[in-house]
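S.K.: Please find one structure pasted underneath; my questions will follow.
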Amino acid sequence: MCGIVGLYLKNEALYPQLGALFKPMLIEMTSRGPDSAGVAIYRNPVAEGQIKFSLAHDSSEHDWNALADSLAQALSCSTTITHRDTHAILVTDGEEKAVQNWLAQNATDVRVVGRGNSVEIFKETGLPEDVYARFDLENAQGRHMIGHTRMATESAVTTAGSHPFATGADLCLVHNGSLSNHNRLREELKRKGVSFSTENDSEVAAAYLTWKLQQGVSLKDALEQALDDLDGFYTFCIGTSNGFAVLRDPIACKHAVLAETDDWVAMATEYRAIATLPGAEKARIWEPRPATVYAWGAETLEGLSVNDAEHMTAGAA
Amino acid sequence: MKQLDLKAEGLRKINSTLQNAVPDSDGKEWAVTNPMGQHAIACGLNTELSVTIEGNAGFYCAGMNQKADVTIKGHAGVGVAENMMSGMVRVTGNASQSAGATGHGGLLVIEGDASSRCGISMKGIDIVVGGSVGHMSGFMAQVGHMVICGDAGEALGDSIYEAILYVAGDVESLGADCIEKEMTEEHQKTLTELLARAGMDQDVKRFRRYGSARKLYNFNVDHAGEY
C-alpha cells in the first residue's frame, strides 16, 4: 500500500496556507499507510554561503543547542538551530562536507535526513495526523511539499525507514510500491562507496538517484535510467528545490493521479487526497502515463519536460 | 430530483438508500453531492434509477450496476463500472485504470481518456471512449465491443477472445493474437449504433476493427505433441 502526495502552489497568495492545505491530503492517505509518515517542505531558503540540514534523533528531548554550540566552536562557523520534536533544522555557514564529517564523528546518535538550500524533512513512526502535529506543520508556509504515509512491507517500521529519503541537495524521494532487485542493487551501490542505514527498498531507489546525480547525470536522465535499473513496482514523487517530479514504473502497477488548476498542481495515490483543495472539483484530472517523467517548477531540472502538451491527455477541462 | 450529500450522510447510508430505492414510489432521479473522491459510490444498484454523481469519484464507482443510469460529472477512479451487468454509466471526464473491467453488459461511456487496462476481461459490456486508452486495454476481452475515438496504447487486445475493438486513431502496438480485421457494412452499422447510444458525433469511416486471430485461445491439435 502506502500513500504519496505532492502539492505545488502556482499562486503565491496561497503560500501562507501550504501546511494547512497539505494537512488533509496527508491525513486522507492514513488508510493506505498508518505505520509512519513524513514530509519534505521547501521554505525559508538560506543565504548564499549557508546550508540547511534536517537532523533527527531518537529522543524528542535531545540537546540540540549543545550540538549547535559544539559544532560552531569546532569548525569556527555560525550555527542556528530550530528544534521540532525529534528533529532539528540546522543552518550553518560551515563547509558542507566538514559539517557532515563532524556530525558523523561527534554526534553518532544524530541522523542527517536532509540537506540543501530550502528543504526540511520531518518523518516519524505513528499516524500521519499525529506526525503532522508533532512537527507543527499546519502553520508551515512555502511553495511546495511532498509527503508519504507508510504501510511497511519490505522492512521494519522505524523512523529511519520512513519517507521521504534525501537523495542530494534539496532532493528527496517518496515511494509507493516495492522493488524486487533492491538487495542486489544495494550491494552494487555499496561497492561504489554508497552507504546505507536501513534494509529499506525505497532507500535503495533514493541512493541510486543520489549516486547517479553525483556522477553528473541530470535528474531527468537519472530517472529515465532508473526505468531500466529498478525492477519492481513504483510510483515515485521526487521533491526538488523548485517543484516536484513524478515517475511510474513501465506497467503503471501503482495508483497515481494528477490534478491541476490555475492555482496549484497536486499528485496523489488517490484523488480523495486532492478533493479538499480549493477548486479541486474544477481541476483537470488525469492519470500519469507509465514510464514518463512529469515535472513542475522545473527551471533547474535541465532537460525535464514541463507540462509537456503530449503528456497531458485530452478530455475533461 | 432527490439529493444525497455524501459528506454529510456517509457512503454506506447513501449506497443503502440508492440500493433500496423503488423508482416508482421513491423517485427515479437522484443526485449525489460532495463525492470527494470516495470509493464505491453508487455500487450494486439494480433498479432503473437515474443517478448523477456531482463531482469526481474514487475507485469502483457504479460497480456491478444493473439497470441504473449513472453519470459521473468529473473524473472516475480505478475500476469504474467494474462488473457492470446492464444499464449505463457515463463519465464526463477522464477515467483511471481498469474501466469497465469484467463487465457483462450495459454501456460504459467515457467522454475523456481512459487509462491502462480499459475493458480488461470484458464479458459482454460495450465501452465507448471519446478520447484515448492506455496500455493493455482489452486484455483478455471475451465478449462485447470497445470503441476508442482516440488512440490506443501498447498491447491493445492482448490475448483477446471474441470481443470486438474499434479504434479511430493510432494503435501503439497490438497485443498477442490481436489483429486488424475487415470492417464490413455490418460492423459499420454496429459501430454507428454504439456511437449514437453514447452520444458521440464521429465519422464511422475513420475507425478500424481489431479482434482475435484465434490462434492463442483455440487448442490446435497439430501442436498436441508439444505438450
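The values are calculated or read from the model by the stated rules, or taken from the named source; none is laboratory data. A quick note: this is a predicted structure, and the numbers were derived from the prediction, not measured. Virtual Cβ from ideal backbone geometry, glycine too; neighbours counted across all protein chains shown.
S.K.: Can B:Q3 be described as touching a strand residue (DSSP E or B) at 6+ places or on another chain (Cβ under 8 Å) and more than 14 Å from every other protein chain (Cβ to nearest Cβ)?
M.R.: Judged against the criteria, B:Q3 is a match.
S.K.: Right, another one. Tell me yes or no: at least one residue of the stretch B:102-117 is part of a loop (DSSP other than H, G, I, E, B), in contact with a Leu (Cβ under 9 Å, 6 or more places away or on another chain), more than 9 Å from chain A (Cβ to nearest Cβ) and at pLDDT 95 or above. Lay out the reasoning, then the answer.
M.R.: If we filter the stretch B:102-117 for residues that are part of a loop (DSSP other than H, G, I, E, B), which is where we start, we get B:102-106, B:111-113, B:115-117.
Checking which are in contact with a Leu (Cβ under 9 Å, 6 or more places away or on another chain) leaves us with none.
No; the residues of the stretch B:102-117 include none that is part of a loop (DSSP other than H, G, I, E, B), in contact with a Leu (Cβ under 9 Å, 6 or more places away or on another chain), more than 9 Å from chain A (Cβ to nearest Cβ) and at pLDDT 95 or above.
S.K.: Going by the structure shown, is A:L189 within 14 Å of chain B (Cβ to nearest Cβ) and surrounded by fewer than 24 Cβ atoms within 10 Å (Cβ to Cβ)?
M.R.: For A:L189, the condition - within 14 Å of chain B (Cβ to nearest Cβ) and surrounded by fewer than 24 Cβ atoms within 10 Å (Cβ to Cβ) - is not met.
S.K.: If I go through the stretch B:156-173 residue by residue, how many of them are surrounded by fewer than 23 Cβ atoms within 10 Å (Cβ to Cβ) and in a loop (DSSP other than H, G, I, E, B)?
M.R.: Looking only at that region, the number is 9.
S.K.: May I ask you to list the residues in the stretch B:137-171 that are under 25 Å from B:T92 (Cα atoms) and more than 14 Å from the chain's Cα centre (by Cα)?
M.R.: Within the stretch B:137-171, B:G150, B:D151, B:A152, B:G153, B:E154, B:L156, B:G157, B:V167, B:A168, B:G169, B:D170, B:V171 qualify.
S.K.: A further question follows. Scan the stretch B:192-212 for residues that are in contact (Cβ under 8 Å) with a residue 40 or more places away in the chain and either within 22 Å of B:T92 (Cβ to Cβ) or polar (S, T, N, Q) (or both) and jot them down.
M.R.: Result: B:L194, B:L195, B:R197, B:A198, B:G199, B:M200, B:Q202, B:S212.
S.K.: Within the stretch B:188-227, count every residue that is in a helix (DSSP H, G or I) and either touching a helix residue (DSSP H, G or I) at 6+ places or on another chain (Cβ under 6 Å) or hydroxyl-bearing (S, T, Y) (or both).
M.R.: Residues meeting the conditions: 5.
S.K.: Same structure again: Test of understanding: among A:A72, A:A13, A:A47, which residue is over 16 Å from A:I146 (Cα atoms) and either assigned to a loop (DSSP other than H, G, I, E, B) or touching a helix residue (DSSP H, G or I) at 6+ places or on another chain (Cβ under 6 Å) (or both)?
M.R.: Checking each option against the conditions leaves just A:A47.
S.K.: So for the stretch A:244-259 (the condition being away from chain B (no Cβ under 13 Å) and either free of Cβ contacts under 8 Å to residues at least 60 places away in the same chain or in a helix (DSSP H, G or I) (or both)), does at least one residue qualify?
M.R.: Yes.
S.K.: Taking the condition of being without any contact (Cβ under 8 Å) to a residue 24 or more places away in the chain and among the β-branched types (V, I, T), how many residues in the stretch B:1-49 meet it? Don't jump to the end; show me each part of the working.
M.R.: The first filter runs over the stretch B:1-49 and keeps only residues without any contact (Cβ under 8 Å) to a residue 24 or more places away in the chain, leaving B:9-10, B:12-13, B:16-17, B:20, B:24-25, B:28.
Subset that is among the β-branched types (V, I, T): B:17.
Selection size over the stretch B:1-49: 1.
S.K.: Check every one of the strands (runs of 3 or more DSSP E) wholly within the stretch A:112-198 and list those with 3 or more residues that are closer than 26 Å to A:C253 by Cα and not assigned by TED's automatic domain parsing to the domain that holds A:D58. Don't jump to the end; show me each part of the working.
M.R.: Numbers: elements: A:119-125, A:144-150, A:165-168, A:171-179.
In the stretch A:112-198, the matching strands (runs of 3 or more DSSP E) lie at A:144-150, A:165-168, A:171-179.
S.K.: If you don't mind, there's one more thing I want to ask. Given (1) at pLDDT 95 or above; (2) touching a helix residue (DSSP H, G or I) at 6+ places or on another chain (Cβ under 8 Å), identify the lone condition not met by A:V131.
M.R.: For A:V131, the exception is condition (2).
S.K.: So if I check each of A:A47, A:A56, A:A68, which one is surrounded by 15 or more Cβ atoms within 10 Å (Cβ to Cβ), more than 13 Å from A:D85 (Cβ to Cβ) and not hydroxyl-bearing (S, T, Y)?
M.R.: Every option except A:A68 fails the conditions.
S.K.: Looking at the stretch B:130-145, which of its residues are in a strand (DSSP E or B) and either of a type in the set (S, T, N, Q) or over 16 Å from B:H187 (Cβ atoms) (or both)? Working first, answer last.
M.R.: Residues of the stretch B:130-145 in a strand (DSSP E or B): B:133, B:143-145.
Scanning the stretch B:130-145 gives a single hit, B:V133.
S.K.: Among B:N94, B:N83, which is the only one that is farther than 16 Å from B:L194 by Cβ and within 8 Å of another protein chain (Cβ to nearest Cβ)? Don't jump to the end; show me each part of the working.
M.R.: Working: B:N83 fails: within 8 Å of another protein chain (Cβ to nearest Cβ).
Result: B:N94 is the single residue among B:N94, B:N83 that is farther than 16 Å from B:L194 by Cβ and within 8 Å of another protein chain (Cβ to nearest Cβ).
S.K.: While we're on this one: Report, ordered by the first and then the second residue, all pairs with beta carbons closer than 6 Å, sequence separation of six or more or different chains, a first member in the stretch A:274-286 that is facing chain B (nearest Cβ under 8 Å) and surrounded by fewer than 18 Cβ atoms within 10 Å (Cβ to Cβ), and a second member that is part of a loop (DSSP other than H, G, I, E, B) and not polar (S, T, N, Q).
M.R.: Every condition considered, no pair remains.
S.K.: Could you please find all residues in the stretch B:118-129 being in a loop (DSSP other than H, G, I, E, B) and surrounded by fewer than 24 Cβ atoms within 10 Å (Cβ to Cβ)? Can you show your working first?
M.R.: Taking the stretch B:118-129 and keeping what is in a loop (DSSP other than H, G, I, E, B), we get B:118-122.
The answer is B:I120, B:S121.
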